[in-house]
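First comes the structure, then the notes that go with it.
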Amino acid sequence: MVGNKLLKGIGANTMEKKWQNKEWLEEKYSKYGSTTIARECGIDDSTIIYWLKKFKIPTRSRSESLRITQNRIHNVDVDYFSEINTPQKAYWLGFIVADGSIRNPSKDVYYADFELSVKDEETVRQFANDIKYGEILIDHYRARCNVNNTVFTKNLMNHGVCTNKTGREVFPKIDKKLVRYFILGYFDGDGSIMYYERETKVRSRFHIVCANRNFLEKIKSILENEANVAFTKSSLHKKYVGSDVYELETATLPNIAKINDYFYTDCECYHLQRKEEKFKKLISHYITMPRLIKRYSPNCLEIGRVKQK
C-alpha cells in the first residue's frame, strides 16, 4: 500500500515537470524558443537548455529560431486593418510605420513583422491580443509578432505601409479625429522624450525621427495647427551632418506641455506609459518654477529661459 502511494507520488511529480519528457520538449522546441517554453513552465531558460542537451536535442542559432518563428501559422483577424476607424487601430498603424516591416518572400505573398526590444514585451502582447494573434515569441533580446498572412498585410499596405519603407513612409488618409493617435503611435515607435535634472537646471528634448522629410513636415504642420506648438525654422533638420535621417525636435517646456496635452488628454488607446511619465516629470518643472532649459543633445546648446506663467 505504501509502495503504491509512493509510485503515485512520483508519477504526479513527473507529470508536473513536463519539460523532462523528451517527446514533449522536442515537439515544443520545434515550434517555440527555449525562452518561450521556460516562461510557459515557470522556470529559468537555463533549465530548458539543460534538458535539451541532456536529451541531445539539437539547439538552434538565433537566425534559425527566427526562421522557425516566421514559418509558424497563426490565426489572426485578417480584417483588423481593413479600415482605420478606432483610436487603437490608428495608434498601431503609426507604430507599424515606425517600427514594423513588410516582407515579400515570393510573388503575391506578403508577411507583416512587428518586433520590439524585450523590455517592451507588454506592447507586443497588447498588439497580438488586439489582432487576435495568439502567443508571441520571445528570446533574450526581442519580443516578436510575425503575421504570415497576405490578406492582413495587404490591408496594411492599403494604408501606405510598404516593403523597404525607410524613406518611403506615407502619412495615411484617416479621419481627422484619429490623426493624433497615429502620430502618438509613430512617436512611441520612433520618437523620444528626454530630460536631465540637476538642482537648478533641467535639460529637455522632444524629437521624432524619419528618413522621409515630407512625412515629418506633415507631423510638424499638424502639431503647429492642432496643438499650437511653436517650432522654429531649424526644428526640422538632418539628424547628423551627412545623415539620411531627419528629426523634428523641440526643447522648450511650453512646447512639450502642449504636445503632452495633444497626445494624452482623454487618450482612448493603449500607449507607452514610460514615455507619458517622462512628459509628466518635465511638465512638473514647467508648472512649479522657471528653469534654465538646454537642449538635451551632444552639444547641449542653450536655447534661453522659459518664463513661468
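Descriptive notes on the structure:
- Strands (runs of 3 or more DSSP E) wholly inside the range 181-283 that include at least 3 residues being of a type outside the set (Val, Ile, Thr) and either modelled with pLDDT of 95 or more or within 23 Å of Gly100 (Cβ to Cβ) (or both): 201-210, 246-250
- Among residues of the range 103-127 that are on the phi < 0 side of the Ramachandran plot and of a type in the set (Ser, Thr, Tyr), those with a beta-carbon under 7 Å from a residue that is crowded, with 20+ Cβ neighbours inside 10 Å and in a helix (DSSP H, G or I) at least six positions away or on a different chain give the pairs Tyr110/Thr153; Tyr111/Thr153.
- Restricting the range 24-52 to residues that are assigned to a helix (DSSP H, G or I) and among the basic types (Lys, Arg), the residue that is farthest from the chain's Cα centre (by Cα) is Lys28.
- Boolean, Val202 is touching a His at 6+ places or on another chain (Cβ under 6 Å) and β-branched (Val, Ile, Thr): yes
- Inter-residue pairs, beta-carbon under 6 Å, first closer than 14 Å to His237 by Cα and in the range 201-220, second of a type in the set (Ser, Thr, Tyr) and not in a strand (DSSP E or B), 6+ apart: Ala211/Thr166
- Restricting attention to the range 152-163, the residues that are in contact with a Ser or Thr (Cβ under 9 Å, 6 or more places away or on another chain) and open to solvent by 30 Å² or more (accessible area, probe 1.4 Å) add up to 3.
- Pair list, Cβ under 6 Å, 6 or more apart: the range 33-53 residue over 14 Å from Lys17 (Cα atoms) and open to solvent by less than 40 Å² (accessible area, probe 1.4 Å), other residue of a type in the set (D, E, K, R) and assigned to a helix (DSSP H, G or I): Ser34/Asp45; Thr35/Asp45
- Members of the range 147-161 that are in a helix (DSSP H, G or I) and more than 15 Å from Leu93 (Cα to Cα): Thr150, Val151
- Residue satisfying all of: in the range 86-139; assigned to a loop (DSSP other than H, G, I, E, B) and buried (at least 20 other Cβ atoms within 10 Å of the Cβ); modelled with the lowest pLDDT among these: Ile136
The values are calculated or read from the model by the stated rules, or taken from the named source; none is laboratory data. Just so we're clear, the structure is a prediction, and the values are computed from it rather than from any experiment. Cβ atoms come from the backbone with ideal geometry, glycine included; neighbour counts cover every protein chain shown. The area values use the complete protein model at the heavy-atom level, side chains included, leaving out ligands, DNA and RNA. Shrake-Rupley method; radii C 1.70, N 1.55, O 1.52, S 1.80 Å.
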